[in-house]
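The values are calculated or read from the model by the stated rules, or taken from the named source; none is laboratory data. Quick caveat: nothing in here was measured; it's all calculated off a predicted structure. Backbone-built Cβ (ideal geometry, glycine too); neighbour counts: all protein chains shown.
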């Protein structure tokens, strides 16, 4: 097997972790993990300098598979944990992996405050519109009218637009892409990692085994085809009428502004005491 | 106050103060003493949320921490605060938060996470009156059981309980030292009265204070196990960003920190957490035995009630009744041996506490014969303190 | 010999109570060992969960699919080394060999 071509991804996976990973056949989390790793490989970051934090949920099982400093926290609480790590060690590149429920339902309060603070953390929200881990309950992004195990008569809840929420709360880099557009995901995540400030990347993901089956949206391939055929790049939307935009996933970087980053603000505060960053024990 | 013979026989106490302190007397608030003590112990990181009666701790640390390169952040709620200090601790910081009853309830899941992942941190709970939002500016001792059983599942509890402003300072240091030594979350319980009142205090000189830092790994990264089994039970802990690239999860985990469902590995983890307490009772338990040598009546009390008890004892002694006080400084793990000894030596025990019976249950747990006349409760949960005269009256009746 | 099993067409294992019709599956012996040097693509069958994404999105349709859902290189010469399969595979189970 000597001449088996090594994938970029294999170099960053944890060799002492059991593969294949835990996600279902056709689940987009694996695809997105590949895009994230390729973005990191492209930036040639040192592994010791990366801390990947996640909450609870299918997407949050990601950090255990990668060879970085990794932390699998409590449901909805990835961002406060990450804030603690980033404040203590600003030189760490902190990446938060979270799901639509983990980030905007139970973790909503922490999400908006992390956006407000503009702390240099890259948050990747894997939005598969369902609580997959617990078997298919509806989440704040499950389309109204859709089936879930807790909305057997169709979901009556209105829906969050994660990017609007992040922009309104003050995040300085907000983008959306889909798992199918793996190259675009890789590129956007690269830009998000380079951005100094709070960056939110929403990756529209497929959950075929639960969400797909409950709503008859087909298997892995079919749901990815839906992403391919029902999404439009941001630039194209200017020339499109609202009717044409109906039900379309808009992909692209919605916001990218530079604002004083939180750890820098704290460093400025400390500089009045001309104290060097306390030597790490 | 006459210089009464304060016989502070503190059994098996490795005091935090190693040499006679020579500092001048300072008038200091209890909350401030907690903050200063934490700073003396090398606090690096504080995350908190305002709540009466503990906010002064946050205010002082927001002023002091930046001066020494430490980090202060006010989070959006108490849940975020406990999570932030655990994150900071994983990145190598000595981290602390302070709250009161309502916030303490919110922090329970995070506290459980800190204990399960064996990440050092300190939570200060300045108890306030009543249930729910209750009496923010009034004292109570209603969180005693919560400080042990608050978080779900079996998790080790180390809880310290000061009764003077000076002890606030010392126990803040000890809490951080114990959290570093035993890689867990240590809780410091205060009464609102103690947190807010000011007292003349002679603080030990910083150089005399014994500082404990967490055990650092000596093996290179490839051999590092975040929960190494054969290190008996307290294994060295690395920090993020030092080249160790370990994994931490709240799920039941194996020696490498990876999630596991294997019963043997889960049993090993639970046993390790349990042995942290059971194998270290001598080091953890501290109890003050005050005038107990010839006592026929004993008072069992913590915190501010112990202060009232000491005054009552003085009066009762002048009245001719031999009364003593047994005061746990570490309430969890509970000082079973010392209490059993007291139960044998003394025929009546008075238990004053500002709740509807929590400490007293522990005493009942330890008494074989349920001699009802033996243990006399004095309980108040209306926000007012139990006064020395009240205790003195009960002593006389019991005698 | 034909074995009845509860698998949907695109190879996903179904639990009982799912409406999709059951599919007959013949047990196929592994074809002769594919010479990986010539094959443009290598597939890790231990990791492949037979989701069918690579087969569906190969632009030149050079990947075929066994009845049990697992992909195989049907037309090696058609492969244009675009690595779409490599990039979209959720299980890192397929590698586009460099040109």
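Summary of values
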| quantity | calculated |
| --- | --- |
| Per-region count, region A:194-208, residues touching a strand residue (DSSP E or B) at 6+ places or on another chain (Cβ under 8 Å) and surrounded by fewer than 23 Cβ atoms within 10 Å (Cβ to Cβ) | 1 |
| Which numbered condition residue A:262 fails, given (1) touching a strand residue (DSSP E or B) at 6+ places or on another chain (Cβ under 9 Å); (2) within 14 Å of chain B (Cβ to nearest Cβ); (3) free of Cβ contacts under 8 Å to residues at least 60 places away in the same chain | (3) |
| Sole exception among (1) at pLDDT below 95; (2) part of a loop (DSSP other than H, G, I, E, B) for residue B:162, by number | (1) |
| Residue check, residue A:172 on the phi < 0 side of the Ramachandran plot and within 14 Å of chain C (Cβ to nearest Cβ) | no |
| Which numbered condition residue C:81 fails, given (1) in a helix (DSSP H, G or I); (2) more than 8 Å from chain A (Cβ to nearest Cβ) | (1) |
| Any hit, region A:28-36, residues being modelled with pLDDT of 95 or more, more than 9 Å from every other protein chain (Cβ to nearest Cβ) and crowded, with 19+ Cβ neighbours inside 10 Å | yes |
| Region B:66-120, subset farther than 25 Å from residue B:154 by Cα and in contact with a strand residue (DSSP E or B) (Cβ under 6 Å, 6 or more places away or on another chain), residue surrounded by the fewest Cβ atoms within 10 Å (Cβ to Cβ) | B:72 |
| Of all residues making up region A:175-222, the number that are within 19 Å of the chain's Cα centre (by Cα) and either assigned to a loop (DSSP other than H, G, I, E, B) or at the interface with chain C (Cβ under 10 Å from one of its Cβ atoms) (or both) | 15 |
| Checklist (1) touching a residue at least 24 places away in the same chain (Cβ under 8 Å); (2) touching a helix residue (DSSP H, G or I) at 6+ places or on another chain (Cβ under 8 Å); (3) assigned to a loop (DSSP other than H, G, I, E, B); (4) within 9 Å of another protein chain (Cβ to nearest Cβ) applied to residue B:234, failing item | (4) |
| Per-region count, region B:70-124, residues within 13 Å of residue B:48 (Cα to Cα), assigned to a loop (DSSP other than H, G, I, E, B) and more than 9 Å from chain A (Cβ to nearest Cβ) | 2 |
| From B:127, B:146, residue being surrounded by fewer than 24 Cβ atoms within 10 Å (Cβ to Cβ), in contact (Cβ under 8 Å) with a residue 24 or more places away in the chain and within 18 Å of the chain's Cα centre (by Cα) | B:146 |
| Flag if residue B:368 is over 27 Å from residue B:139 (Cβ atoms) and surrounded by 13 or more Cβ atoms within 10 Å (Cβ to Cβ) | no |
| Helices (runs of 4 or more DSSP H) (entirely within region B:248-342) containing at least 3 residues that are free of Cβ contacts under 8 Å to residues at least 24 places away in the same chain and closer than 30 Å to residue A:60 by Cα | B:263-278 |
| All positions within region A:37-60 that are surrounded by fewer than 16 Cβ atoms within 10 Å (Cβ to Cβ), within 14 Å of chain C (Cβ to nearest Cβ) and in a loop (DSSP other than H, G, I, E, B) | none |
| Extreme residue, nearest to residue A:212 (Cα to Cα), among residues of region A:89-133 that are out of contact with any helix residue (DSSP H, G or I) (no Cβ under 9 Å at 6 or more places or on another chain) and in a loop (DSSP other than H, G, I, E, B) | A:105 |
| Residue match in region B:125-148 (condition: in contact with a strand residue (DSSP E or B) (Cβ under 9 Å, 6 or more places away or on another chain), part of a loop (DSSP other than H, G, I, E, B) and within 22 Å of residue B:237 (Cβ to Cβ)) | no |
| Scan of region B:32-53 for residues that are in contact (Cβ under 8 Å) with a residue 60 or more places away in the chain, buried (at least 24 other Cβ atoms within 10 Å of the Cβ) and farther than 19 Å from residue B:205 by Cα, ordered by number | B:53 |
| Qualifying residue in region A:78-86 (condition: in a loop (DSSP other than H, G, I, E, B), more than 16 Å from the chain's Cα centre (by Cα) and either more than 9 Å from chain B (Cβ to nearest Cβ) or within 26 Å of residue A:15 (Cβ to Cβ) (or both)) | no |
| Residue in region A:227-243 that is buried (at least 18 other Cβ atoms within 10 Å of the Cβ) and assigned to a helix (DSSP H, G or I) present | yes |
